[in-house]
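The values are calculated or read from the model by the stated rules, or taken from the named source; none is laboratory data. Worth saying up front: this structure is predicted, and the values here are computed from it rather than measured. Please note: Cβ atoms are built from the backbone with ideal geometry, for glycine as well, and neighbour counts cover all protein chains shown. These area figures cover heavy atoms from the full protein model, side chains too; ligands, DNA and RNA do not enter into them. Shrake-Rupley method; radii C 1.70, N 1.55, O 1.52, S 1.80 Å.
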Amino acid sequence: MVEKVFPFIGWFRSYRSQDFKADFISGLTVALVLIPQSMAYAQLAGLPSYYGLYASFLPPMLAALFGSSRQLATGPVAVVSLMTSASLSPLATAGSEGYIAYAVLLALMVGLFQLSLGILRLGLVVNFLSHPVVNGFTNAAAIIIASSQLSKMFGVSVDDAEHHYETILRVCQAAAHYTHWPTFIMGAAAFAIMYGLKKLLPKVPNVLVAVLFTTVISWAIGFEHNVESRLDAIQSPGARSDIEAFNSVVSAIPAAALERTRLTIEVEEANKNKDEARMLDLGHDLGVVNLNMERLKNQAHQYREKIRGYLFQGVTQPDGTLLFYAKGSLPEGETGDGRTWRFRLGNNPLDTEHLLMTGGGAVIGKVPRGLPAFTIPKLDMGVMLRLLPFAAIISLLGFMEAISIAKAMAAKTGQRLDPNQELIGQGLANILGAVGKSYPTSGSFSRSAVNLQSGAVTGLSSVFTSLVVVIVLLFFTPLLYHLPQSVLAAVIMMAVIGLINISGFVHAWHAQWYDGTISILSFVCTLAFAPHLDKGIMVGVVLSISVFLYKMMRPTVTSLSRHDDEGLRDAVSHGLKRCEYVDLVRFDGPLFFANASYLEDKINDRLMQGKKLKHIIIVANGINDMDASGEEILSILVDTVRSGGVDISMSGVNESVMAVLERTHLIDKIGRDHIYPTMEKAICAVHTHTHSGSAETLCPLTTVCRIS
């Protein structure tokens, strides 16, 4: 009982000193991969990069301690990070305090959902996400993730559009206007190092080598080059005018937002008081404010794009300050400093006394030293209700990814897995991780593979991984300052290459054409609806359930004949003749309210078409269950068939269906002598008297008779 609550106790039954050494080395190796990866995935989630480290010191340890897999490496992963960004983008600006608070709250909700499923032993709920849906979604997510990093690779900034493909078009337009080539070279070099080491020296931690190399180069060459300047140092009247207009528009947005909040509260009060006239007035005012908000946001976007498009050359003054001239318009006799300068701006007004100008590339910057404050996330029911669908999807997706990885490793190690215990482990990792400012996490395929290959014996390796991350947070964060953003983009792009699996579509199509279609449609819809990724998943789930319901409502009903292998097979699909006097009808599926009338229709069709038909044998091997509706239709069929001068029997009735026949006394109506254990015995029993006086020389039930 104690081991059920604390499964990690089982690790130490036969634990040896060499196991401790193997776990320590594995934990250290995984940590060297996890630290740069986690920072990259945090940015993918729309969070400051160091939040990836916060998500890497409690979740790996807790998931290992309370899960069932001993080698599963938990932490930030690409798909869950992308889903986090998609969930929170409509609620707050990426990277803002509100956005961070919602991300932590989302982790708590995901953890509670997973823990509840685990405690209630409902791990099978994950089956609602079929393999074709997950394959289509994962391939689309890989493309979305990789393309979302293009702006960092090219060193450009754009506003997010309503659809992901529109954002990518904006990135391409911005890159065509200006690409910061040192940024691109840094990212490309990191990609080349990781790819080359993976092929040539697979045991070397390629991500760590790429990060260390590019960080040192970044520090040595002064890759980041920012200066603060006054507005009057900008020698471009158009740029100064646009900045002032931008500040005016952006400053008006908070006041409009406050007015919208006030009117929303008044609408709710009027609704409670059932004051319809007041509700109409307030509804009109609220509509006007919303239109004004949209107008202001659109204007801010246009000014932001225009300001980002300005390129300057800097001219050093005697006092060491810089004057900025539009590129290509330096005054005669002046020499530029050799850099191309751009404005750095976001959603807030620009400080005209301290304009941030950048002439280099973007780096991680300052990472707070020390562990985050441990606090319970603030619970806001309104926000939680909006996040609930996303929390459920992330919970199921994250668990499906984790359990798939765990099963693959268990097949190699021979370890026994408990999916519900794994849910509990993942749930506790997210719940307690949220207390330590983590965003949603899951099992990582790449890091789990590293953990297994490094010789991890127990989950103690993940405990060592967490300890290494804690040491980095406490002592080594200043070393991360010069890490280029484009290198983290390359880390993400390299990681998601493994998610692309074209053969998954082909395999699904070969299995069933409709599975292949569902997989392709899930892929297309996820791409089309991005960044609203939940819609792509929901389309796939709805299609899967629709196909399932259709198959349940229209199961296969076929007539059997003797085949070359001496078995009884589907006459139509094998090109076999059917017996004119005995129809051996197989029904593949449970007989219940949704498909009972379908069986009735198929039997009636056979009665209408079979002029010489004397006996129908219902092969019930595929009927694994029967409800009251199915029993009622079967009773009606017995009456209908026998009233037409045709007899009816059943073969291969299992225990559960037989129990229904006994309880309803339908077995007496059919006749106990009309219930046969096998098809062969049924044929032997009815064949002689049904074929007496017939002109049929060879019976398709006893002899192979092909349609010529």
Give me the percent of DSSP beta bridges within the chain that run antiparallel, rounded to the nearest 5. 60
Mean accessible surface per residue for the range 444-538, computed with a 1.4 Å probe while every protein chain stays in place, in Å²: 42
Tilt, helix 460-471 to longest principal axis of the chain (alpha-carbon atoms), in degrees rounded to tens, equals 20
Helix 237-273 versus the longest principal axis of the chain: what is the Cα-based angle in degrees, 0 to 90, to the nearest 10? 50
Counting only Cα atoms, I'd like the Rg/Rh figure for the chain, Kirkwood definition for Rh. 1.11
Out of all Cα-Cα pairs in the range 62-197, roughly what percent, to the nearest whole number, are more than 23 Å apart? 53
Full extension between Cys684 and Ala257 adds, at 0.36 nm per residue less the Cα distance, a length in nm of 145.5 nm
State the volume of the convex hull built on the alpha-carbon positions of the range 467-597, expressed per residue in Å³ and rounded to an integer. 244
Provide, as a two-decimal number, the C-alpha radius of gyration of the range 321-429 over 2.2 N^0.38 Å, N being how many residues it has. 2.00
A student applying the Cα gyration tensor rule (rounded when a/c is under 1.5; otherwise prolate if a/b is larger than b/c, oblate if not) would label the range 408-509 oblate
What whole-number value in Å² describes the accessible area per residue of the range 84-212 for a 1.4 Å probe? 46
Within the range 186-281, report the trypsin sites (Lys or Arg not before Pro) that DSSP leaves as loop and that have at most 10 other Cβ atoms within 10 Å. Lys203, Lys274
Note on the range 60-119: contact order normalised by length, alpha-carbon pairs under 8 Å, 6 or more apart, percent, works out to 18
Under the Karplus relation with 6.51, -1.76 and 1.60 and θ = phi - 60°, whole-Hz ³J(HN,Hα) for the range 104-114, x at Gly and Pro, equal 5, 4, 4, 4, 4, 5, 4, x, 5, 5, 5
Those GluC sites (Glu not before Pro) in the range 521-616 that DSSP places in a loop and that have at most 11 other beta carbons within 10 Å: Glu566
Quick one: helix 655-664 against the long Cα principal axis of the chain, what's the angle to the nearest 10°, folded into 0 to 90? 60
Any idea what the dipole of the chain comes to, in debye rounded to 20, about its Cα centre with Lys/Arg Cβ at +1 and Asp/Glu Cβ at -1? 1660
So with the 1.4 Å probe, I'd like the accessible area per residue for the range 577-696, rounded to whole Å². 47
Residue list for the range 211-255, given a label point 7 angstrom along the Cα-to-Cβ vector of Arg295 and an amide N cut-off under 18 Å: 245-255
Normalised by the number of residues in the chain, what is the relative contact order in percent for Cα pairs under 8 Å and 6+ residues apart? 23
Mean separation of Cα pairs under 8 Å and 6+ residues apart, divided by the residue count of the range 250-371: what relative contact order is that in percent? 20
Under the 7 Å Cα-to-Cβ spin-label approximation, Phe476 and Lys4 lie apart by a distance in nanometres of 4.2
Carbon + sulfur, % of accessible area of the chain - ligands and nucleic acids excluded, 1.4 Å: 61
Heavy-atom SASA rank of Arg13, Arg606 (probe 1.4 Å, accessible area, largest first): Arg13, Arg606
Could you tell me which trypsin sites (Lys or Arg not before Pro) in the range 485-563 are loop residues by DSSP with no more than 14 other beta carbons within 10 angstrom of their beta carbon? none
